[in-house]
1. Got the relative contact order for the chain handy, in percent, Cα pairs under 8 Å and 6 or more residues apart?
2. Which pairs break 31 Å Cα to Cα here: Lys131/Lys330; Lys156/Lys191; Lys4/Lys279?
3. Name the most mobile residue of Arg228, Arg92, Arg122, meaning the one with the largest mean-square fluctuation, in a Gaussian network model of the chain with Cα contacts below 10 Å.
4. Label points 7 Å out from Cα along the Cβ direction at Glu366 and Gln53: separation in nm?
5. Among 184-191, 328-335, 7-14, how do they line up from the highest to the lowest mean number of other beta-carbon atoms within 10 Å?
6. Taking 30 Å as R0, compute the FRET efficiency from the Cβ-Cβ separation of Val221 and Asp257 and round it to 0.05.
7. Rank-order 214-220, 248-254, 283-289 by packing density, defined as the average count of other C-beta atoms within 10 Å over each peptide's residues, highest first.
8. Can you compute the modelled spin-label distance between Arg332 and Arg121, with each label point 7 Å from Cα toward Cβ, in nm?
Amino acid sequence: MPEKRYLFTPGPTPVPPQVLAVLAEPVIHHRGPDFRRIYARCLDRLRDVCRTQHDVLLFTSPGSGAMESAVANLLGPGERALVLSAGNFGERWAELARAYGADVAHEALEWGAVPDADDLRRALDRSGPVKVVFLTHSETSTGVVVDLQSLAAVAKERGALVAVDAVSSVGAVPLETDAWGLDVVATGSQKALMTPPGLAFCAVSPAALAAARVGGGPRYVYDWERTRAAQEALDAPFTPAVSLVGALDVALGLILDEGLEAAFARHARLGRACREGIKAMGLELFSPDDERSAVVTAVRAPDGVDIGEVLLTLRDRHGVQLIGGQGRLKGRIFRIGHIGWFDVFDITTALAAVELVLSEAGADIERGAAVMRALEAYAAPVPV
């Protein structure tokens, strides 16, 4: 029979069949009334998911394109910005800002650290005034999810705009764009929003839009004002990925039908189940062992095991796709993603496969404990 595949990467993530079905429908024209109805509903739903009453700008792009749009619209050459990073995607903010000629103060913490308000306060003391502070909510290279509200408060105290990489956090863990004073929230379709890759979104505050109108650097496709004005008329500025927009509309409907608070609780329980299963095997977590770590679980590779070969065996023999470490963590950790269309039995599948293949590779693994412990942890209530 055809091989069954299991996708446990932090993105792309599994896509529900209702969403996939939309992609098989005939392509419609992006200027017609049928698409405009979908477009309008999608933009409204994006505001709901991002917890904002303001504009959410939609681009046909990877999630990093939304991040680039923030840099292009807010920073002109030589303007000062601060990046607080503790992993691969935090460092992407610094790379993007430098590519646009910004003057970047980069506070780079050790990969796997959990940046907090004091880290940002000290970094701003050293940097002096900055126009924008760039933060990463969920660092998928390490599994860390930060206390974004407290970080944003420090940046606002210093008079800076706050731009957040929330590519893997929107829809998975609590994020309040308006209530927390976030000026830019960048995210993408292929993570907790349960849609194939190809769409990116920027929730933008009135202050960010005002700053972009009078400043920023060269941009065209990613120009916020051009995109905002077109969306206001339900007339995309450029040909969008119409089939993906239709799929996203269905996916957002599923999320809102579940309820954001219920989705956050489910992700917290999935993260807890995965962490407890990993610990029951006798493995060591790399990501924090706390309830915020609900996006991806990062695990230290056991001594004496070629984790790259283990991941290939999981994929090729069992159809289970996990992912290894990035950059300086390559070969040192592996990661299990659990955002989007997942339930506890997906988690137990991943754990059982890891247990089997690591044992065959010679790791000292306690067999049979992970699945039961994960089920017990998932059933426990989420702490209030």
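Derivation of every value follows stated rules applied to the coordinates shown; laboratory data play no part. Values in this document were obtained by computation on a predicted structure and should not be read as measured data. Here the Cβ positions follow ideal geometry from the backbone for every residue, glycine too, while neighbour counts run over all protein chains shown.
1. Relative contact order here is 22 percent.
2. Working: Lys131/Lys330 34 Å; Lys156/Lys191 28 Å; Lys4/Lys279 27 Å.
Result: Lys131/Lys330 exceed 31 Å.
3. Sorting by GNM fluctuation, first place goes to Arg122.
4. With each label placed 7 Å out from Cα toward Cβ, I get 5.2 nm.
5. Descending mean neighbour count gives 184-191, 7-14, 328-335.
6. Details: r = 33 Å, r/R0 = 1.09.
After rounding to 0.05, the efficiency reads 0.35.
7. Ranked from most to least packed, the peptides come out as 248-254, 283-289, 214-220.
8. 2.9 nm
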